1. Once the Cβ-Cβ distance between Phe228 and His204 is put in as r, and R0 is 35 Å, what FRET efficiency do you end up with, to the nearest 0.05?
2. Quick one: dipole size for region 3-268, taken about the Cα centre, charges +1 on Lys/Arg Cβ and -1 on Asp/Glu Cβ, in debye to the nearest 20.
3. Would you work out the relative contact order for the chain, in percent, from Cα pairs under 8 angstrom that are 6 or more residues apart?
4. Given the C-alpha centroids of region 115-189 and region 7-49, what is the distance between them in whole angstrom?
5. Treating only the Cβ of Lys, Arg, Asp and Glu as charged (+1, +1, -1, -1), what charge dipole size does region 190-252 show about its Cα centre? Round to the nearest 20 debye.
6. If I compute solvent accessible area with a 1.4 Å probe over the protein chains, what percent of it on region 3-268 is carbon and sulfur?
7. Sum up the charges of everything whose Cβ sits under 14 Å from the Cβ of Asp242, counting Lys and Arg as +1 and Asp and Glu as -1, but leave Asp242 out.
8. Per residue, how large is the accessible surface of region 3-268? Use a 1.4 angstrom probe and give square angstrom.
Amino acid sequence: MQEKAQTELVTYSVDEAGVANLVLNRPDQRNAQNAELLYQLNECFDRAARDNDVRVVVLSGAGPDFSTGHDLKSSQEEMAEAAKKRPSLSGWTDFEAPGAAGFYAIEQEIFLGFTKRWRNFPKPTIAAVQGNCIAAGLMLAWACDIIIASDDARFSDPVVSFGMPGVEWFAHPYELGPRKAKEFLFTSDRWNAQEAHRLGMVNHVVPAAELQPFVQQMARKIATKPPFALKLAKEAVNRAEDMGGKTMSIDAFFSLHHLSHQHNNVMFGTLMDPTGAPKMTRQKPRGS
Ligand code: ZN
């Protein structure tokens, strides 16, 4: 039985060219990701995967920011509640288990598990990024095949300031190169779109007003190509990355991520170091 009408936290539409537009729709919360939003996004991806008319997926965020990361107001109980009422996709269950076990299972399922699924989604995906793309915002953009940024886009993973080694999907060395990944993490700096482009993390930077026209035009171009060839080309590149160890190193990192969650729990009684927030200062983005 439907408990109540779901708020549309992600909107879904398909145009006549076969481009599915998935739009994060919590602009008042700067598209902060709670479990409900992530499940809705996952359902939209599944719908787009099954629809043979869909050739390409574009992921965008409504409002001034692409996504400011996980919704830190979401409680562990809320996430467990959202996860346990659906079939497990990662194989992890028992989301309310005591100690480290329950939260580990939650993050395996809805953070690491979803990001892996979307990265291996069987059709081309394009992220259209404007404004802030912070921490778990990066996970959504990095899961996509192509990233187009507007010139006002800002990227950061400031979680070292909160006693964590990085967000759950540790693609940083692959996205930025090892040295720049270390600088990005160690400093918590926000990097602008040009810097992200220079490092190869972003395909193109365009003026804000041209972001959607540019992305839709590219999506339509890709949508004319044979779908099976696109699927295999994507798989070929993803396998090449994986033969270099990408997925294995992300999985290995995940245990370090949880070591730090539990360290913070022991030290501060909370999953992140609460002294981090005051240390974060409003910074001028790099390159601005
Ligand atoms: Zn975490």
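The values are calculated or read from the model by the stated rules, or taken from the named source; none is laboratory data. From a predicted model like this one, the values you see are computed outputs, not experimental measurements. FYI the Cβ positions are ideal-geometry reconstructions off the backbone, even for glycines, and counts take in every protein chain you see. The accessibility values were calculated without ligands, DNA or RNA, using every heavy atom of the protein model including side chains. Shrake-Rupley method; radii C 1.70, N 1.55, O 1.52, S 1.80 Å.
1. Efficiency at R0 = 35 Å is approximately 0.85.
2. 740 debye
3. This gives 17 percent for the chain.
4. 19 Å
5. 240 debye
6. Percent of accessible area from carbon and sulfur atoms in region 3-268: 56.
7. +2
8. Here the residues of region 3-268 average 44 Å² of exposed surface.
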